[in-house]
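Q: Have a look at the structure that comes next, please.
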Amino acid sequence: MTELERVAWPPAPIRTERLVLRESEGRDRAGFVELFASPEVGTYTGGSRPRDELERVVPEVPGRRRGLFVIEHGGTMIGIIELNRRDPERRSKVRPDTGEAELGYLLLPEAWGHGYAAESCRAALGWFADLLPGEPVVLTTRTDNERSLRLAAKLGFTEVRRYVEYGAEQWFGVWSSAPPR
Ligand SMILES: CC(C)(COP(=O)(O)OP(=O)(O)OC[C@H]1O[C@@H](n2cnc3c(N)ncnc32)[C@H](O)[C@@H]1OP(=O)(O)O)[C@@H](O)C(=O)NCCC(=O)NCCS
């Protein structure tokens with residue numbers, strides 16, 4: 001077990017100026033269905049899934065796992081952040097992948113363009129840095145996902161390499177809370 005897996009989960013809800021980051025609850029189910037049924041959300045993340053299939057298979061309390069934060073705005077779920085290590089079977093076959101902590105984000109389209117993704121990701125990275133100071137976080141996003149690339153840069157991720165996987169060019173970046181040497 002690594003240090004990240006030893007961190008107590010779930011943490012107390014994390015509050016920012018406009019948002020709350022918290023563990024998922026049963027009332028978030030409709031939001032999860034929306035998220036995974038949305039063609040816009042799926043454009044760069046492997047596509048959307050049929051709503052009727054999601055209604056059948058999404059559990060009563062979806063996304064209840066270590067490292068998954070629901071982003072709440074005004075009492076309603078607007079998206080999710082994951083900050084965790086990939087399971088071994090999901091690791092990249094193309095770039096060197098030693099299972100670093102990785103950040104991922106999915107917001108409902110109506111929540112784009114308000115700075116909510118940046119606000120919530122900063123809070124999640126702050127939570128991580130307090131627990132594991134100096135430990136790097138990585139991020140992978142398609143290079144044609146312009147919103148995501150802008151967000152990665154805003155958060156302070158720097159490019160390590162580009163490579164092709166899943167039929168598309170991927171941007172692989174790293175962030176660290178350690179002061180630059
Ligand atoms: C990637 C994604 C999270 C980016 O969302 P986003 O809302 O563009 O990101 P930010 O939170 O950084 O918001 C930036 C925008 O909010 C605007 N904004 C408005 N009010 C703001 C405020 N108070 N503070 C900051 N920005 C604000 C900015 O001007 C910017 O707008 P622009 O893109 O038109 O220039 C979103 O597009 C998404 O969920 N995509 C689908 C999932 C996906 O592809 N994930 C990547 C795989 S890891």
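Nothing in this text is a laboratory measurement; each read-out follows from the coordinates by a stated rule. For clarity, every value in this text was computed on a predicted model and none was experimentally measured. Positions of Cβ are generated from backbone atoms using ideal geometry, with glycine treated the same way; all protein chains shown enter the neighbour counts.
Q: Please determine whether any residue of region 99-108 is closer than 23 Å to G46 by Cβ, outside any strand (DSSP E or B) and more than 16 Å from the ligand (Cβ to nearest atom).
A: Kept after step one, since they are closer than 23 Å to G46 by Cβ, are these residues of region 99-108: 99-108.
If we keep only those that are outside any strand (DSSP E or B) as well, we get 99-100, 108.
Within this subset, residues satisfying the condition of being more than 16 Å from the ligand (Cβ to nearest atom) are 99.
For region 99-108, residues closer than 23 Å to G46 by Cβ, outside any strand (DSSP E or B) and more than 16 Å from the ligand (Cβ to nearest atom): present.
Q: Can you spot a residue in region 52-60 that is surrounded by 15 or more Cβ atoms within 10 Å (Cβ to Cβ) and not in a loop (DSSP other than H, G, I, E, B)?
A: Scanning region 52-60 turns up at least one residue that is surrounded by 15 or more Cβ atoms within 10 Å (Cβ to Cβ) and not in a loop (DSSP other than H, G, I, E, B).
Q: If you scan region 102-126, which residues turn out to be of a type in the set (G, A, S) and over 20 Å from A12 (Cβ atoms)?
A: Listed by number, the residues that qualify are G104, A111, G113, G115, A117, A118.
Q: Look through region 61-74, keep the residues that are assigned to a loop (DSSP other than H, G, I, E, B) and touching a Lys or Arg at 6+ places or on another chain (Cβ under 9 Å), and return whichever of them is farthest from the ligand (Cβ to nearest atom). Steps first, please.
A: Filtering region 61-74 down to residues assigned to a loop (DSSP other than H, G, I, E, B) leaves 61-67, 74.
From the residues that got through so far, the ones that are touching a Lys or Arg at 6+ places or on another chain (Cβ under 9 Å) too are 61-62, 67, 74.
Numbers: V61: 22, P62: 17, G67: 14, G74: 15 Å.
Per the stated criteria, the residue is V61.
Q: Select from region 75-89 the residues that are under 17 Å from the mean Cα position of the chain (by Cα) and without any contact (Cβ under 8 Å) to a residue 40 or more places away in the chain and list them in ascending order.
A: E82, R86, D87
Q: Quickly run through region 109-137 and pick out the residues that are outside any helix (DSSP H, G or I), within 8 Å of the ligand (Cβ to nearest atom) and among the small types (G, A, S).
A: G113, G115
Q: Please work out if S92 is hydroxyl-bearing (S, T, Y) and without any contact (Cβ under 8 Å) to a residue 24 or more places away in the chain.
A: The answer is no for S92.
Q: Among the residues of region 15-35, are any under 17 Å from D130 (Cβ atoms) and assigned to a loop (DSSP other than H, G, I, E, B)?
A: Yes - at least one qualifying residue is present in region 15-35.
Q: Still on this structure, please answer the following. Can you tell me which residue in region 138-181 is surrounded by the fewest Cβ atoms within 10 Å (Cβ to Cβ), limited to those that are assigned to a strand (DSSP E or B) and of a type in the set (F, W, Y)?
A: Looking at residues that are assigned to a strand (DSSP E or B) and of a type in the set (F, W, Y), I get Y163.
Q: Here's something else I'd like to know. If you check G46 against the conditions, is it within 25 Å of P88 (Cβ to Cβ) and touching a residue at least 60 places away in the same chain (Cβ under 8 Å)?
A: yes
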